[in-house]
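Asker: Following this message is one structure expressed as structure tokens.
What follows is calculated from the coordinates using simple rules that are stated; it is not laboratory data. Since we're looking at a predicted model, the values are computed, not measured. With ideal geometry, Cβ positions are generated from the backbone for all residues, glycine too; neighbour counts draw on all protein chains shown.
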Amino acid sequence: MSDRTDAARRAKALPRSARRKGPLNRLPPETGVAVVLIIAVLYLSFTQPYFLQRDNFRLIAKQSAEIGILATGMTYIIATGGIDISVGSVVGLCSLVLGALSVVLGWSLWISIIVCLGVGAACGLINGLLIARVGMPSIIATLAMYAAARAGALLVHSGGHISNIPTDLVNFAQTDFAGVPSVAWIAIIVAVSGAVILRRTNAGRLVLALGGNREASRMSGVNVKLVEMLIYTAVGMLAGLAAVITTARAATAEPNAGTTYEIQAITAVVLGGTPITGGRATILGTILGVITVTVLRDGVALAGQDANMQQLIIGVALLIAVEVERWRLRQAAASIEVAA
Amino acid sequence: MSNRTASRPRKIFALFTIRELPALAILLVSIVWLSLTRPAFRSIDNLTAVGQDAAFVGILACGEALVILTGGIDLSVAANLAMSGCVAGMMMIAGVAWPLAVVAALAVAGLGGLVNGVLITYRRLPPILVTLATWFIFRSIISIVTHSRNYAPFPNSFANLGGGNLPFVVFVLVVIGLALMTLRTRFGRRVIAIGGSETASELSGLPVDAIKRRVYLIAGLCAGLSALLMMARNNNVESSVASGYELHAIAAVVVGGVRLSGGEGTILGAALGAAIYAVLHDALILYGQRAELYGLITGAIILAAAFGEVLRRRVEESKYKAANIAVTGETASK
């Protein structure tokens with residue numbers, strides 16, 4: 001609070017011309033992540049010759065797929081002012097459901113995939129019911145799901161991981177369409193439709209209104225509970241979709257699939273410039289955030305470091321992202337006060 | 001006359017407003033159920049192990065409860081536990097006298113907590129994102145430094161501390177200390193005041209930021225203490241120790257009736273929540289189930305506690321409304 005007024009005072013101390021022109025005041029929310037991404041790409045292209053190879057770009061596209069799908073959904077949840085920390089566990093559960101149905105029970109692949117999506121949607125619906133109907137804080141409800149879904153995966157198939165995933169699915173993960181890996185296309189479709197719905201439709205505006213002022217939306221006749229429930233259900237289904245891709249890429253279904261996905265997705269969303277307080281959102285920023293996280297992980301791997309270093313980098317990136325976002329909001333607040 | 005008949009159900013409802021009651025009920029029911037169905041539960045060895053488990057999670061949960069009372073959250077406590085434990089482990093294996101290693105571990109843990117506190121207060125970043133980041137940072141730094149090595153065995157004089165009932169005694173002391181602090185000291189009242197309304201506290205002139213920093217520092221120190229006891233019991237330590245314990249600690253706090261948005265709840269509740277964790281964890285083992293299935297129980301008890309909270313809120317709201325009707329003669333417009 002005092003920060004904002006301080007910034008406003010400082011902005012007011014500037015000469016009038018500088019205040020009016022100040023380009024920093026009108027930066028789009030994606031600026032921070034774009035800068036980080038450009039610096040990371042430039043640094044890696046100079047230091048790691050392999051980074052610019054076509055194969056490496058394909059790898060980055062493939063690795064971004066699951067997180068891209070989850071982060072698109074997470075953007076919606078954060079836009080409503082909530083958070084979902086259960087997506088990674090739901091990916092693990094859905095992955096084992098897919099494996100158990102298609103391999104152990106020998107169901108046809110398509111039906112297994114549909115059931116897998118359905119299980120994801122059911123998990124999301126439970127989250128949504130608890131949050132919207134019962135009125136629990138989103139972090140508590142999804143914390144419970146985070147714990148329960150991971151343990152539920154062990155109930156589905158107690159023997160741990162399942163290999164011999166149907167070759168159709170495994171091969172699909174290796175195919176390309178128009179020079180881009182097929183799994184990346186799925187993520188692109190999800191992200192683009194997510195962006196269009198959020199920006200161009202009534203439903204999207206409802207989501208943003210809900211996050212901006214829940215009480216006002218309810219009084220204007222928005223069925224707040226229904227919207228919230230639908231969002232959590234859709235995100236659960238997206239977790240099921242991410243599970244299909246994870247299973248296809250790894251060619252095994254395992255209960256530990258999707259560990260830390262929730263953190264990567266949240267990092268990507270916050271990195272992309274969507275404020276954690278809700279009411280505003282940018283899918284473009286989220287996608288840039290996803291690519292940044294993957295590029296950083298890829299860079300760490302190319303530099304010959306292990307997964308621990310990747311975690312460290314993601315943690316630091318998250319902190320930087322939060323700090324940049326706070327700085328940008330202060331600038332924006334200052335420019336509003338100057339204008340007024 | 002009519003007043004007297006109406007007061008009886010109201011008294012029953014009043015029970016719901018005791019925040020620790022659901023936790024106490026779950027704990028008692030599960031202890032009675034286990035001691036009746038599984039005689040092994042009653043053996044001294046088993047009870048000692050349950051007490052140790054309760055201590056490791058409980059000490060973490062007490063620190064976490066303070067943080068949650070201020071309206072914050074600390075997801076990094078288990079990572080902090082691993083970090084400080086590994087520092088002490090490295091020092092002991094390198095031949096440093098163990099009391100010195102203990103002091104170093106507590107210093108590292110306190111520093112970790114202070115880093116959270118400084119980022120949250122000085123930079124005004126949201127606690128959930130800061131501690132999510134430091135969770136990753138602490139865990140990965142210590143994995144890189146130790147190369148995920150396992151440090152064992154420790155000097156006997158240190159390892160002996162972890163056997164027997166010492167962890168549980170330390171746990172009880174921590175609970176008593178922190179409970180007295182929240183109930184009887186100025187600092188404790190201020191912690192709860194901040195959780196009730198941060199703006200009001202700030203406007204009344206409380207040093208909100210300094211108090212928050214101290215609370216995260218205490219949560220860090222609790223993590224360090226828990227790390228030392230856990231190391232002594234297991235007689236080894238590695239960077240992946242206690243993964244998932246942040247979840248158990250937060251679950252214990254929530255189950256113990258501490259409101260997640262802060263301002264209401266007690267340390268005793270968090271301690272009861274941790275005891276539930278230890279007892280139900282033991283139940284899984286006694287029934288021959290795999291420990292990984294504990295997630296289902298965690299999920300279920302978090303939900304049970306959250307339902308209790310919703311119920312309690314409804315009861316309190318209706319009481320408030322009834323009081324309002326009595327005073328003004330009409331329903332408060334919503």
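Asker: At most 16 other C-beta atoms within 10 Å and a DSSP loop state: those are the exposed chymotrypsin sites (Phe, Trp or Tyr not before Pro) I care about. Give me the longest piece of chain B that has none.
Answerer: For chymotrypsin sites (Phe, Trp or Tyr not before Pro) (loop position, at most 16 other Cβ atoms within 10 Å), the longest site-free span of chain B is B:123-286.
Asker: So for the protein assembly as shown, if I pair up every lysine 8 or more residues apart or on another chain, how many of those pairs have alpha-carbons under 21 Å apart?
Answerer: For the protein assembly as shown, qualifying lysine pairs total 6.
Asker: A further question follows. In whole Hz and in residue order, list the ³J(HN,Hα) couplings for the stretch B:196-201 that follow from phi through the Karplus curve 6.51 cos²θ - 1.76 cosθ + 1.60, θ = phi - 60°; x for Gly and Pro.
Answerer: Per-residue couplings from phi come out as x, 7, 5, 5, 4, 4 Hz.
Asker: What 222 nm value per residue comes from the helices of the protein assembly as shown, counting each DSSP H run with n ≥ 4 as -39,500 (n - 2.57) and dividing by all residues, nearest 500 deg cm²/dmol?
Answerer: -25000 deg cm²/dmol
Asker: Per 0.36 nm of contour for each residue apart, how much would the distance between A:Leu59 and A:Val196 grow if the chain were fully extended, relative to their Cα-Cα spacing?
Answerer: Extra length available between A:Leu59 and A:Val196 comes to 46.7 nm.
Asker: Going by alpha carbons, how many degrees (0 to 90, nearest 10) lie between the helix axis of A:87-99 and the longest principal axis of chain A?
Answerer: 20 degrees
Asker: Arranged by the count of other C-beta atoms within 10 angstrom, fewest first, what order do A:Leu27, A:Leu98, A:Leu52, B:Leu66 take?
Answerer: Listing A:Leu27, A:Leu98, A:Leu52, B:Leu66 from fewest to most nearby Cβ atoms yields A:Leu52, A:Leu27, B:Leu66, A:Leu98.
Asker: What distance in nm separates the two pseudo spin-label positions at B:Asp45 and A:Phe177, each 7 Å out from Cα along the beta-carbon direction?
Answerer: Label at B:Asp45, label at A:Phe177, 6.0 nm between them.
Asker: Now a separate question. Considering only C-alpha atoms, what is the centroid distance from the stretch B:84-149 to the stretch A:114-185, in Å?
Answerer: Between the Cα centres of the stretch B:84-149 and the stretch A:114-185 lies a distance of 33 Å.
Asker: Still on this structure: Any idea how far apart A:Ala203 and B:Thr185 come out in nm if each label point goes 7 Å out from Cα toward Cβ?
Answerer: If labels sit at A:Ala203 and B:Thr185, their model points lie 5.4 nm apart.
Asker: Same structure again: Cut-off 10 angstrom, C-alpha nodes, Gaussian network model of chain A. Which of A:Ala132, A:Ala34, A:Ala203 fluctuates the most?
Answerer: In this elastic network of chain A, the residue with the biggest mean-square fluctuation among A:Ala132, A:Ala34, A:Ala203 is A:Ala203.
Asker: In whole Å, largest first, what are the principal axis extents of the Cα atoms in the protein assembly as shown?
Answerer: 73, 65, 55
Asker: Still on this model: Work out the FRET efficiency for B:Val32 and A:Leu155 from their Cβ-Cβ distance, taking R0 = 25 Å, and round it to the nearest 0.05.
Answerer: It comes out at approximately 0.40.
Asker: Could you please report the charge total around B:Val29, scoring K, R as +1 and D, E as -1 over all other residues with beta-carbon less than 15 angstrom from its beta-carbon?
Answerer: Here the charged neighbours net out to -1.
Asker: Among B:Thr121, B:Thr266, B:Thr131, which one moves the most in a GNM of chain B with springs linking Cα atoms closer than 10 Å?
Answerer: Answer for the Gaussian network model of chain B: B:Thr121.
Asker: From the residues A:Ile78, A:Ala203, A:Val36, which one has its Cα farthest along the dipole of the stretch A:30-332 in the positive direction, the dipole being from +1 and -1 charges on Cβ of Lys/Arg and Asp/Glu about the Cα centre?
Answerer: Ranked along the dipole, the leading option is A:Ala203.
Asker: Then there's this: So what's the net charge close to B:Glu246: Lys and Arg +1, Asp and Glu -1, counting the other residues with Cβ under 12 Å from its Cβ?
Answerer: My count for the surroundings of B:Glu246 gives -1.
Asker: At what distance in nm do the modelled label points of A:Met219 and A:Leu42 sit from each other, each positioned 7 Å from its Cα along Cα→Cβ?
Answerer: Taking the simple label geometry, A:Met219 and A:Leu42 are separated by 5.0 nm.
Asker: If the convex hull of the alpha-carbon atoms of the stretch B:46-309 is projected onto planes in all directions, what is the mean projected area in square nanometres?
Answerer: 13.5 nm²
Asker: For the modelled label position 7 Å from the Cα of B:Ser157 along Cα-to-Cβ, which residues of the stretch B:63-92 have backbone nitrogen atoms closer than 15 Å?
Answerer: Counting backbone N atoms under 15 Å from the label point, the list is B:92.
Asker: How big is the charge dipole of chain A about its Cα centre, in debye rounded to the nearest 20, if each Lys and Arg gets +1 on its Cβ and each Asp and Glu gets -1 on its Cβ? Please report the intermediate quantities before stating the final value.
Answerer: Numbers: 26 positive and 17 negative charges, 333 e Å.
About 1600 debye.
Asker: Under the classification rounded if a/c is under 1.5, otherwise prolate if a/b is larger than b/c and oblate if not, where does the stretch A:201-291 fall, given a ≥ b ≥ c as square roots of the Cα gyration tensor eigenvalues? Provide the component values of the computation, followed by the final result.
Answerer: On the way: a/c = 2.90, a/b = 1.79, b/c = 1.62.
Prolate shape, in that a/c is at least 1.5 and a/b is the bigger ratio.
Asker: What do you get for the angle between helix A:2-13 and the principal long axis of chain A? Use alpha-carbon atoms, 0 to 90 degrees, nearest ten.
Answerer: In chain A, helix A:2-13 runs at an angle near 50 degrees to the longest axis.
Asker: Could you tell me whether the stretch B:19-176 comes out rounded, prolate or oblate from its Cα gyration tensor? Rule is a ≥ b ≥ c as square roots of the eigenvalues, rounded for a/c under 1.5, then prolate if a/b exceeds b/c, otherwise oblate.
Answerer: oblate
Asker: Between A:Gly289, A:Gly135, A:Gly99, find the one with the highest GNM mean-square fluctuation for chain A; connect C-alpha pairs within less than 10 Å.
Answerer: Looking only at A:Gly289, A:Gly135, A:Gly99, the largest GNM fluctuation is found for A:Gly135.
Asker: Using the Cα gyration tensor of chain A, with a ≥ b ≥ c the square roots of its eigenvalues, what is the shape: rounded (a/c below 1.5), prolate (a/b larger than b/c) or oblate (neither)?
Answerer: On the way: a/c = 2.23, a/b = 1.38, b/c = 1.62.
Oblate.
Asker: Given R₀ = 35 Å, what would the calculated FRET efficiency be for A:Ile320 paired with B:Val172, taking r from the Cβ atoms and rounding to 0.05?
Answerer: The pair A:Ile320/B:Val172 has a calculated efficiency of 0.25.
Asker: Given Cα pairs under 8 Å that are at least 6 residues apart, what percent is the relative contact order of the stretch A:30-332? Each step should come with its number before you reach the end.
Answerer: Details: 531 pairs, mean separation 106.7, N = 303.
This gives 35 percent for the stretch A:30-332.
Asker: What is the sum of charges around A:Gly221, taking Lys and Arg as +1, Asp and Glu as -1, for the other residues whose C-beta is under 15 Å from the C-beta of A:Gly221?
Answerer: +3
Asker: While we're here: Among B:Ile128, A:Ile131, which comes first, then next, by fewest other beta-carbon atoms within 10 Å?
Answerer: B:Ile128, A:Ile131
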